[in-house]
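Worksheet: one structure, shown below.
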Amino acid sequence: MFMPKNIRPYLDHSPHIDESGYIDDMAVIIGDVCLAENVSVFPFAVIRGDVNSIKIGKNSNIQDHCMLHVSHKNATKPNGSPMVIGEDVTIGHHVTLHGCTIGNRVLVGINSIVLDDVIIEDDVMIGAGSLVPPRKRLESGYLYVGSPVQKVRPLTEKELEFLPYSAQHYVRVMTNYKNTTFE
């Protein structure tokens with residue numbers, strides 16, 4: 001099976017990418033990575049599932065310069081810290097995600113960092129430049145900002161509507177990229 005050079009196996013694991021998605025030629029995807037329908041990965045993003053698994057749900061987007069990685073399995077932590085990202089998730093530019101779990105309809109703002117064993121429930125917004133420290137749980141329906149991140153207030157109806165809108169917007173952008181031919 002042919003794989004472009006930017007989509008690489010690692011040991012016994014090869015990425016599984018639904019054909020409906022979009023992977024920019026300047027993005028790199030390695031190892032035990034599974035991308036569902038309509039997932040888009042933009043330039044200079046790195047998704048490295050070499051020492052554990054990464055799963056990204058339908059209609060989610062990983063924007064430019066993101067770094068996604070995981071923690072390995074070991075005797076004290078048999079499952080390590082894999083990564084699971086839900087559906088309709090927007091991961092903003094320059095975001096670093098490491099071994100965390102993200103629910104559905106979440107927006108992680110530009111230049112944020114989310115560390116091992118964090119759980120972000122459904123319908124959450126994280127403001128730009130935030131740091132979510134290890135093992136923190138972010139409750140559904142709230143805006144979080146800061147370093148370290150703090151719960152600021154409940155999301156408005158308009159913000160809750162924006163979460164799936166953002167994901168669908170990137171599905172449209174992805175479709176435009178896929179329909180453009182480059183000479």
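The values are calculated or read from the model by the stated rules, or taken from the named source; none is laboratory data. What you see is a predicted model, and the numbers here were worked out from it, not measured in a lab. When we count neighbours, we look across all protein chains shown, and the Cβ atoms used for this are built from the backbone with ideal geometry, even at glycine. Surface areas here come from the heavy atoms of the whole protein model, side chains and all, with no ligands, DNA or RNA. Shrake-Rupley method; radii C 1.70, N 1.55, O 1.52, S 1.80 Å.
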Checklist entry - Taking the stated definitions as given, is MET83 open to solvent by 60 Å² or more (accessible area, probe 1.4 Å) and either touching a residue at least 60 places away in the same chain (Cβ under 8 Å) or touching a Lys or Arg at 6+ places or on another chain (Cβ under 9 Å) (or both)? => result no
Checklist entry - Condition test on LEU107, is it within 18 Å of GLY92 (Cα to Cα) and not in a strand (DSSP E or B)? => result no
Checklist entry - Quick one: how many residues across the stretch 1-50 are open to solvent by 60 Å² or more (accessible area, probe 1.4 Å), more than 13 Å from the chain's Cα centre (by Cα) and not aromatic (Phe, Trp, Tyr)? => result 12
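Each row is one residue, and each column tells you yes or no for (1) surrounded by fewer than 24 Cβ atoms within 10 Å (Cβ to Cβ); (2) in contact with an Asp or Glu (Cβ under 8 Å, 6 or more places away or on another chain).
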site	(1), (2)
LYS55	yes, no
GLN63	yes, no
LEU68	no, no
ALA75	yes, no
ASN79	yes, no
VAL89	no, no
CYS100	no, yes
ASN104	yes, yes
VAL108	no, no
Checklist entry - So which residues in the stretch 94-104 are in a loop (DSSP other than H, G, I, E, B) and not β-branched (Val, Ile, Thr)? => result HIS94, GLY99, CYS100, GLY103, ASN104
Next on the checklist: Which pairs turn up if I take residues in the stretch 98-113 that are free of Cβ contacts under 8 Å to residues at least 60 places away in the same chain and look for partners that are of a type in the set (Asp, Glu) and open to solvent by 10 Å² or more (accessible area, probe 1.4 Å) with beta carbon separation below 6 Å, at least 6 apart in sequence or on another chain?
Outcome noted: HIS98/ASP116; GLY99/ASP116; GLY103/GLU121; GLY103/ASP122; ASN104/GLU87; ASN104/ASP88; ASN104/ASP122
Checklist entry - Restricting the stretch 137-183 to residues that are closer than 25 Å to ASP116 by Cβ and polar (S, T, N, Q), which is nearest to the chain's Cα centre (by Cα)? => result SER140
Item to check | All positions within the stretch 131-183 that are at pLDDT 95 or above and among the aromatic types (Phe, Trp, Tyr) | outcome: TYR142, TYR144, PHE162, TYR165, TYR170
